[in-house]
Amino acid sequence: MKCLVPPVTLLLLLTTFLSVAQENPQRSQDGEFGKSISERTEDSKNHKTLLAALKAIDLEETLDEDGPFTVFAPSDIAFQKLSADKVASLLHPENKKELHSVITYHIVAGELTASKILKAMCRGNGTATFTTVQGNKITATLSGIDIILKDNFGNAAKITTADSNQCNGIVHEIDSVILPKKI
């Protein structure tokens, strides 16, 4: 019976994540999802800081392209966990390289739905590691029914809204900013 607990738990988690996805994307007549990741971020009321960061590092156009990309999108509340001075400093033009490093640490090439993340964790005995477009790795684990992402310094972010499907990838909202280095 013990062997059945993890698959049953993962099935329950998968069902939960799929049922609580924040947005149901609209499909156009040709079957494609209507908005790109960039357009979705621009329309979001919870990602103004992320949008400002994308514009500051000229990444907005890239996230309008084909992809696919997976974006672990920190909410505005997540950015508020950093000091106001740090966020303001990151948005200054002279810190564009550092901001680029932070933002690209939240993007993975390819389409990682919550179910794919959970399957990777099953294969990895409870953990899965993904390489960001920035080049460093983030690790996904479970805490109860939550998927937790950890950076190389042990900073953690919880996926609060999973599987917002866009025409060029997936967006998962997270509750903290994960960092490629200690800042």
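The values are calculated or read from the model by the stated rules, or taken from the named source; none is laboratory data. Predicted model only: the values in this text are computed from it and were never measured. Quick reminder, even Gly has a Cβ in these numbers, built from the backbone with ideal geometry, and neighbours come from all protein chains shown. Heavy atoms of the whole protein, side chains included, go into the accessibility calculation; ligands, DNA and RNA do not. Shrake-Rupley method; radii C 1.70, N 1.55, O 1.52, S 1.80 Å.
Mind listing whichever residues of the stretch 145-183 are in a loop (DSSP other than H, G, I, E, B), farther than 22 Å from Glu98 by Cα and open to solvent by less than 60 Å² (accessible area, probe 1.4 Å)?
Residues satisfying the conditions are Cys167, Asn168.
Would you check which residues across the stretch 41-68 are among the acidic types (Asp, Glu) and either touching a Lys or Arg at 6+ places or on another chain (Cβ under 6 Å) or open to solvent by less than 60 Å² (accessible area, probe 1.4 Å) (or both) and list them?
Glu60
When you check Ser75 against the structure, is it more than 22 Å from Lys116 (Cα to Cα), modelled with pLDDT of 50 or more and among the polar types (S, T, N, Q), yes or no?
Against the criterion (more than 22 Å from Lys116 (Cα to Cα), modelled with pLDDT of 50 or more and among the polar types (S, T, N, Q)), Ser75 qualifies.
What about Val20, is it under 17 Å from the mean Cα position of the chain (by Cα), at pLDDT below 90 and of a type in the set (Val, Ile, Thr)?
Yes: the conditions hold for Val20.
Check Thr104, Thr129, Thr139 and return the single one that is polar (S, T, N, Q) and within 11 Å of the chain's Cα centre (by Cα).
Thr104
Which condition number does Phe130 fail, the rest of (1) out of contact with any Phe, Trp or Tyr (no Cβ under 7 Å at 6 or more places or on another chain); (2) of a type in the set (A, V, I, L, M, F, W, C); (3) at pLDDT below 95; (4) within 23 Å of Thr161 (Cα to Cα) being met?
Of (1) out of contact with any Phe, Trp or Tyr (no Cβ under 7 Å at 6 or more places or on another chain); (2) of a type in the set (A, V, I, L, M, F, W, C); (3) at pLDDT below 95; (4) within 23 Å of Thr161 (Cα to Cα), only one is false for Phe130: (3).
Test Leu91 against the stated conditions and say whether it is in contact with a helix residue (DSSP H, G or I) (Cβ under 9 Å, 6 or more places away or on another chain) and in contact (Cβ under 8 Å) with a residue 40 or more places away in the chain.
No; evaluated as a whole, the condition is false for this residue.
Could you list all residues from the stretch 88-130 that are open to solvent by 60 Å² or more (accessible area, probe 1.4 Å) and part of a loop (DSSP other than H, G, I, E, B)?
Residues satisfying the conditions are Leu91, His92, Glu111, Asn125.
Collect the residues in the stretch 69-87 that are in contact with a strand residue (DSSP E or B) (Cβ under 8 Å, 6 or more places away or on another chain) and open to solvent by 30 Å² or more (accessible area, probe 1.4 Å), keeping them in residue-number order.
Phe69
Consider the stretch 131-144. How many of its residues are part of a strand (DSSP E or B), surrounded by 14 or more Cβ atoms within 10 Å (Cβ to Cβ) and among the hydroxyl-bearing types (Ser, Thr, Tyr)?
The number of residues fulfilling the criteria is 2.
Here is a list: Asp66, Asp43. Which entry is among the charged types (D, E, K, R), out of contact with any helix residue (DSSP H, G or I) (no Cβ under 6 Å at 6 or more places or on another chain) and touching a residue at least 24 places away in the same chain (Cβ under 8 Å)?
Asp66
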